[in-house]
Amino acid sequence: MTSTKINRRSIVKGGAGAAVAVGSKASSVFAAPAVIQETGSTIEVTYWASQSGVNGEAEQELVNMFNESQQDVKVNYQFQGTYEETAQKLTAAIQARQVPEISTLSDVWWFKFYLAGALQPLTEYVNEAKIDTADYFESLWNEGVREGVQYWMPFARSTPLFYYNRDAFAAAGVDESIVGNWDTFVENTEALMVRDGDTVTQYAFGHPDAGSYNAWLFQAVIWSFEGAYSEDDFTITIAQDPGVEAGNFYRSTVADGWAIPVEDHTADFGTGLFAAIMASTGSMGGIRENATFDWGTAFIPEKYTFGCCTGGSGHSILATAEDAKKEAAFKYIAFASSPESTAFWSRRSGYMPVRKSAVESAEMQAFYDENPNALTAVEQLPKTDPQDAARVFIPNGDQIIGGGLEQITVNLVDAAEAFEEVSGILQEEAEPIIEQLADVEG
C-alpha cells in the first residue's frame, strides 16, 4: 500500500494580517482599553493557566510584570492543572456560566471550544491594538485562524526536539552526528546502554506515556516514515503501511531492549536514565535546571524523510465574558506575546519566541550564544508542519492515539493490530466533528 500524500497546511485558513506596529512598553499594547480610559477604574480579569514547575514560576512572574506595568487591568492568575484538566474545568465552567476571561488552551483543545462557539474572535482587538501580526512566525500565528479570524493567540509554542546526553555519548565513544537519523542512532544503541550486572542503569532512549503527549512526539516519527494519522478531511490513515512500519519501529525499541516507556521521561532523562529522548522545547527549562551532565539538542531524526510538528498552547478569550473585561483581557494577551515578553518567556521556559523581532533582538542573540541548545527549535521551525487533523481536531484524538502507542510500547502489541483499533475509534469520533464543521464554516 502506498502512502497518501498529505497537504498538511491546507487545514489552516487565513493568514497573518498587515504590519502596523510592533508592541513595546511605549506601544498601545500597554495602554488602557478605551472603556477603561473612560472610567479610570481598574478592571480585574481571571486567567486560567496550565504551566507548572519552572515554567509556572516564569508565567506567574510574567503576570506580575504586566500588573506592575500599569494600573488599568489586573490579571488574577489561577493555575488549573494540566492542559487536559484546564480544558475539563473550562467545559464545566461554560455549562455553569462562570467562565474566566482568559484561558490557556493547548493545540488539541482550542478547536473544541471554537466549534462550540465558546471563543471570542480576536481579530478586531488585534487591529485596534495595532499589533504587527507579520512579526509573528507565520506557522504559529496561522494555527489559531479559522475563516480569516484569529481565535487562539500563540504563547507557549513548541516543537519536539531530540535531547541527548553528551557525557553519555562521549563515555560510549559515540559521535554526536548519529542523532540526525533513526538508522544511525539504532546502530549505536548498544554502545549507549550501561548495565550494572543484570540491571540497566542507562537506556539508549526513553518514551513517555500517553499522558505525556507521546502521540504528539510520534506525529514527527510517523511523518518521517512517510505516513500520517489522517488526511485533512479526517480520512484516517494511521493504519496504512507507513504508519504500521513506524509503529513497529517503536515496538522494536522496547522489544530489543534499548528503550523503555516511563511516566516522566524528561525527569528520568535529567537523572541520567536515558542517553536520549524526544521532548518539547518547553521541557528545556526544567532540563537546564535539573540535569547534572552536559546535554545537547538536535532536530528530530529522519527515516525516509524529515518530519516535525508544532505544538504547545495559546491564549483565548471566552465569548460569554463581559465586553469590558474582554477588552481588558486582550491587553494581557497582547502583552504576553509582545517581543519583550516572549523573549523573557523563552529564556526562562525553553518555549520558542513567537515573534521574529524577539529572535532577532540583541538580547536573544546573546542568550543563544550562551545557550545554543535553545536555538535548535528556532532553526527547526521552518521545517515544521501543523499536525494532522486526527490528533488536534478530534476530541481526545491525542489520548486515543497515545493509548494505541502504549499498547505497542508497553504490551508489545503489533502496530497493525493496535492501529486498526485506533483507526476505528478515530473514524467514529470524527463523524460529529465533520458535521459541526459544516454547520460552523459551511
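The values are calculated or read from the model by the stated rules, or taken from the named source; none is laboratory data. Keep in mind that what you see is a predicted model, and the values were worked out from it rather than measured. All Cβ positions, glycine included, derive from the backbone under ideal geometry; neighbour counts span all protein chains shown.
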Inset, instruction - For segment 96-104, indicate whether the set of residues that are within 20 Å of T281 (Cβ to Cβ) and modelled with pLDDT of 95 or more is non-empty. - result: yes
Inset, instruction - Mind listing whichever residues of segment 407-429 are touching a strand residue (DSSP E or B) at 6+ places or on another chain (Cβ under 7 Å) and crowded, with 21+ Cβ neighbours inside 10 Å? - result: T409, S423, L426
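Residue check: is Q399 buried (at least 20 other Cβ atoms within 10 Å of the Cβ), assigned by TED's automatic domain parsing to the domain that holds D209 and of a type outside the set (G, A, S)? Don't jump to the end; show me each part of the working.
On the way: buried (at least 20 other Cβ atoms within 10 Å of the Cβ): no; assigned by TED's automatic domain parsing to the domain that holds D209: yes; of a type outside the set (G, A, S): yes.
No, not satisfied.
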Legend entry - Restricting segment 343-374 to residues that are more than 15 Å from the chain's Cα centre (by Cα) and closer than 15 Å to G282 by Cβ, the residue that is surrounded by the fewest Cβ atoms within 10 Å (Cβ to Cβ): N371
Legend entry - Any hit, segment 146-154, residues being among the charged types (D, E, K, R) and either more than 21 Å from the chain's Cα centre (by Cα) or surrounded by fewer than 19 Cβ atoms within 10 Å (Cβ to Cβ) (or both): yes
Inset, instruction - Output yes when any residue across segment 241-252 is more than 26 Å from R288 (Cα to Cα) and in contact with a strand residue (DSSP E or B) (Cβ under 8 Å, 6 or more places away or on another chain), and no when none is. - result: yes
Legend entry - From I317, I333, residue being in contact with an Asp or Glu (Cβ under 8 Å, 6 or more places away or on another chain) and either in contact (Cβ under 8 Å) with a residue 60 or more places away in the chain or not in a loop (DSSP other than H, G, I, E, B) (or both): I317
Legend entry - Qualifying positions in segment 373-405 - at pLDDT 95 or above and acidic (D, E): E379, D388
Legend entry - Of residues in segment 375-396 being within 17 Å of S158 (Cα to Cα) and aliphatic (A, V, I, L, M), the one surrounded by the fewest Cβ atoms within 10 Å (Cβ to Cβ): L375
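List the helices (runs of 4 or more DSSP H) inside segment 210-308, counting only whole elements, that have at least 2 residues being within 21 Å of the chain's Cα centre (by Cα). It would help to see each step written out before you state the result.
Values: elements: 214-224, 241-255, 265-270, 284-290.
Where helices (runs of 4 or more DSSP H) fall fully within segment 210-308 and carry at least 2 residues being within 21 Å of the chain's Cα centre (by Cα), they are 214-224, 265-270, 284-290.
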Inset, instruction - Any residue in segment 352-367 that's of a type in the set (A, V, I, L, M, F, W, C): show its pairings with residues that are assigned to a loop (DSSP other than H, G, I, E, B) at Cβ separation under 7 Å, as long as the two are six or more apart or on different chains. - result: V354/F137; V354/S337; V359/P353; M364/P353
Legend entry - Qualifying position, being farther than 27 Å from E429 by Cα, of a type in the set (G, A, S) and in the same structural domain as E143 (by TED's automatic domain parsing), among A324, A259, A275: A324
Inset, instruction - Give the residue, chosen from Y136, Y164, that is in the same structural domain as I102 (by TED's automatic domain parsing) and not aliphatic (A, V, I, L, M). - result: Y136
Inset, instruction - Mind telling me which of the residues Q37, Q78, Q60 ends up being surrounded by fewer than 22 Cβ atoms within 10 Å (Cβ to Cβ) and modelled with pLDDT under 95? - result: Q37
Inset, instruction - Filter the helices (runs of 4 or more DSSP H) completely within segment 157-204 down to those with at least 3 residues that are more than 28 Å from the chain's Cα centre (by Cα) and at pLDDT 95 or above. - result: 166-172, 189-192
Inset, instruction - Consider I434 carefully, then state whether it is under 30 Å from E147 (Cβ atoms), surrounded by fewer than 17 Cβ atoms within 10 Å (Cβ to Cβ), in the same structural domain as I260 (by TED's automatic domain parsing) and in contact with a Phe, Trp or Tyr (Cβ under 7 Å, 6 or more places away or on another chain). - result: yes
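Please go through segment 309-342 and give me each residue that is within 13 Å of the chain's Cα centre (by Cα) and among the β-branched types (V, I, T), ordered by number.
T310
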Legend entry - Members of segment 226-238 found to be buried (at least 24 other Cβ atoms within 10 Å of the Cβ) and not polar (S, T, N, Q), listed by number: G227, A228, Y229, I236, I238
Inset, instruction - Answer yes or no: is there a residue in segment 387-404 that is of a type in the set (V, I, T), in contact with a His (Cβ under 6 Å, 6 or more places away or on another chain) and either under 24 Å from S252 (Cα atoms) or without any contact (Cβ under 8 Å) to a residue 24 or more places away in the chain (or both). - result: no
Inset, instruction - Could you tell me which of the residues F274, F269, F299 is modelled with pLDDT of 95 or more, surrounded by 18 or more Cβ atoms within 10 Å (Cβ to Cβ) and in contact with a Cys (Cβ under 8 Å, 6 or more places away or on another chain)? - result: F299
Inset, instruction - Search segment 121-141 for residues being under 23 Å from the mean Cα position of the chain (by Cα) and of a type in the set (F, W, Y), and hand back the single one that is farthest from V378 (Cα to Cα). - result: W141
Inset, instruction - Kindly establish whether A279 is surrounded by fewer than 22 Cβ atoms within 10 Å (Cβ to Cβ) and among the aliphatic types (A, V, I, L, M). - result: no
